[in-house]
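Everything below concerns the one structure shown next.
The values are calculated or read from the model by the stated rules, or taken from the named source; none is laboratory data. All of these numbers come straight from a predicted model, not from anything done at the bench. No Cβ is skipped: glycine too gets one built from the backbone with ideal geometry, and neighbour counts run over all protein chains shown.
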Amino acid sequence: MVDVIGAAELLGPESDEEMLAVRLAHAQRLGNMGWAEWHHHTGETVWSDQVYTIFGRDPAAGPIPLPELAGHVDPSDVGALDRLLRTATRGLEPVQAEFRIRRGVGAGELRDLRVVLAPLMASGDPVGLHGVIQDITGRRRAERMVCESRRQLLEAREQAAEERHVMLALREAILPEPAGRPVLPHTTIAVRYVPAEKTANLGGDWFEAAPSPDGRLLLAIGDVSGHGLPAIAHMAQLRHALVGLTMTGRPANQLLAWLNELVAHQFKDVTATAIIGHLDPETRVLAWSQAGNLAPILVRDGVATQLAQPRGVLLGAAAGRPYELATTRLLPGDVLLMFTDGLVERRTRDIDAGLDLALAAARDVPGPDLDAGLDRLLAGIGGPNPEDDACLLAVAIPTQGPVQGDA
C-alpha cells in the first residue's frame with residue numbers, strides 16, 4: 001500500500017498545486033469569504049469563485065468592475081464604500097469597512113459584508129487593490145437577535161417592575177402596613193407582610209388585628225389561592241366580608257362558616273385558608289378556628305410548639321361544612337405566632353423542614369421586642385419566599401398586669 005506521502009510524491013508538483021487550490025476553496029467556503037483584485041491601469045478585475053457566491057452572481061457574467069461596485073451596495077451604505085476606497089487608494093496599509101449589498105437580480109437579498117482592501121503592488125508601486133471579502137450576514141443577524149432579545153428582556157423587566165409597583169400599591173391601599181405596632185389593649189402586636197421575590201407571584205395573603213365591638217380582639221390571617229391582581233381582589237373581598245361579619249359578635253367558627261359559603265358561591269375556582277380568633281383581654285383566652293391553615297406557634301418559657309388544630313376545611317372546598325372552635329389560654333410572657341404557608345413552604349424543601357426551622361427560630365422571639373424578633377425569625381427560615389408571599393401576625397402577652405382568673 002502506498003502511503004499518503006508516497007502518493008503525493010508520485011503525483012508531482014502540479015497535483016500539489018491543485019490540492020492547495022482545493023484546500024483554499026474549502027477554506028473560503030467554510031469562512032464564507034473570497035478574494036478579489038482590481039487593476040487600475042488595465043481595468044482588469046479578478047474574483048475567486050466564492051466572491052461570485054457572496055454576490056449571488058453568475059460567473060459567466062464576470063466580476064463587477066470597481067467603478068460599478070457602488071451600484072450593488074445598499075444606498076444607505078454607499079458612503080462607507082466611498083470612504084473605504086479613498087482611504088485604500090491613498091495609503092499603503094490595509095483598511096477595512098462593513099457595508100451591505102443587494103445580492104441577486106433587482107432588489108435582491110440584503111447581505112452584510114466585511115471588506116479588507118490593501119494596495120496591489122508591482123515593482124514597488126501600487127497598481128491596484130487586493131481585497132478579502134467576507135459575508136458576515138449570519139453573524140450580524142445573530143448579534144441583532146441578541147440585541148433585540150436584550151431589549152425585550154429589559155422591557156419585560158421594566159414592565160414587571162411597574163406591575164410589581166402597581167400590585168404592591170394596590171395591596172397597600174387594601175391592606176395597609178401599620179406605621180408601627182397596632183396598639184391593642186393588654187397585648188403587644190407585630191405584623192409582617194413578606195412579598196414574593198417574583199412579581200408574578202404576589203398573592204392574596206392578608207391579616208387583621210383590631211378591637212371588636214364586644215371588647216375582644218379580632219386576630220385573623222389568611223391566604224387566597226392564586227397570584228396577581230385576581231388574588232388581590234379576592235383577598236380584599238374576603239377580608240372586608242370578615243370585618244363586616246365581625247360586627248355580629250358571633251364566634252370564630254361561625255364567621256369561617258359564613259366565609260366558606262361566600263367563597264364557595266361567589267369565587268369561581270378559588271379556595272382560601274384562614275385562621276380567625278377572638279382574644280379576651282381580661283381572661284387571655286383565645287377562641288379560634290382554622291380553615292386549612294397551618295396551626296399557630298405558641299412560644300412559652302423559651303419552648304416553641306404548634307397548637308393542636310381544630311377541624312376545618314379550606315374555604316370554598318365544600319359548602320355547608322362546620323368548623324370546630326378551640327380555646328387556648330395565653331399566659332403572661334407568651335408569644336403567639338399566626339402565619340400563612342408561604343412563610344415556611346419552599347419548592348426546594350419539605351414543608352415539615354420549614355416548620356422545624358420556624359419552630360427553632362420562634363424560640364428567640366421576645367415579647368418585649370417583637371419587631372426585632374420577627375426580623376430574626378424571617379432570616380432564620382431563609383428570608384422571603386421566591387415563589388409565594390406570606391403574612392405573619394405575632395401577639396405577645398405582657399408579664400405584668402392583673403388578669404381575671406389568675407391565682
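At-a-glance table
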{"item": "Of the criteria (1) more than 14 Å from residue 204 (Cβ to Cβ); (2) surrounded by 22 or more Cβ atoms within 10 Å (Cβ to Cβ); (3) of a type outside the set (Asp, Glu), which one residue 266 fails", "result": "(2)"}
{"item": "Residues located in segment 27-45, provided they are of a type in the set (A, V, I, L, M, F, W, C), more than 15 Å from residue 68 (Cβ to Cβ) and touching a residue at least 12 places away in the same chain (Cβ under 8 Å)", "result": "33, 35"}
{"item": "Residue in segment 332-346 that is in the same structural domain as residue 232 (by TED's automatic domain parsing), more than 25 Å from residue 291 (Cα to Cα) and exposed (fewer than 14 other Cβ atoms within 10 Å of the Cβ) present", "result": "no"}
{"item": "Search result, residues across segment 122-134 that are over 10 Å from residue 38 (Cα atoms) and touching a strand residue (DSSP E or B) at 6+ places or on another chain (Cβ under 7 Å)", "result": "126, 132, 133, 134"}
{"item": "Qualifying residue in segment 208-225 (condition: under 15 Å from residue 340 (Cβ atoms) and touching a His at 6+ places or on another chain (Cβ under 7 Å))", "result": "yes"}
{"item": "Per-region count, segment 29-61, residues surrounded by 12 or more Cβ atoms within 10 Å (Cβ to Cβ) and not in a helix (DSSP H, G or I)", "result": "16"}
{"item": "Test result for residue 209, modelled with pLDDT under 85, within 27 Å of residue 227 (Cβ to Cβ) and buried (at least 19 other Cβ atoms within 10 Å of the Cβ)", "result": "no"}
{"item": "Options 11, 84, 24: the member that is surrounded by 12 or more Cβ atoms within 10 Å (Cβ to Cβ) and modelled with pLDDT of 90 or more", "result": "84"}
{"item": "Filter result for residue 354 (under 18 Å from residue 190 (Cβ atoms) and not in a loop (DSSP other than H, G, I, E, B))", "result": "no"}
{"item": "Selection within segment 90-132 - farther than 21 Å from residue 54 by Cα, without any contact (Cβ under 8 Å) to a residue 24 or more places away in the chain and in a strand (DSSP E or B)", "result": "121, 122, 125"}
{"item": "Residues satisfying the stated conditions in segment 377-404, i.e. assigned to a helix (DSSP H, G or I) and exposed (fewer than 14 other Cβ atoms within 10 Å of the Cβ)", "result": "379"}
{"item": "Complete set of residues in segment 321-351 that are free of Cβ contacts under 8 Å to residues at least 24 places away in the same chain and part of a helix (DSSP H, G or I)", "result": "351"}
{"item": "Test for residue 248: is it within 22 Å of residue 398 (Cβ to Cβ) and either outside the structural domain of residue 189 (by TED's automatic domain parsing) or not in a strand (DSSP E or B) (or both)", "result": "no"}
{"item": "Near pairs, Cβ below 6 angstrom, 6+ apart or cross-chain, from segment 68-87 (β-branched (Val, Ile, Thr)) to any residue that is modelled with pLDDT of 90 or more", "result": "73/81; 73/99; 73/101; 78/70; 87/95"}
{"item": "Test: residue 308 is of a type outside the set (Ser, Thr, Tyr), modelled with pLDDT of 90 or more and surrounded by fewer than 17 Cβ atoms within 10 Å (Cβ to Cβ)", "result": "yes"}
{"item": "Filter pass, residue 372 being at pLDDT below 95, among the aliphatic types (A, V, I, L, M) and part of a helix (DSSP H, G or I)", "result": "yes"}
{"item": "Out of 257, 233, sole residue that is without any contact (Cβ under 8 Å) to a residue 12 or more places away in the chain, out of contact with any His (no Cβ under 9 Å at 6 or more places or on another chain) and in a helix (DSSP H, G or I)", "result": "233"}
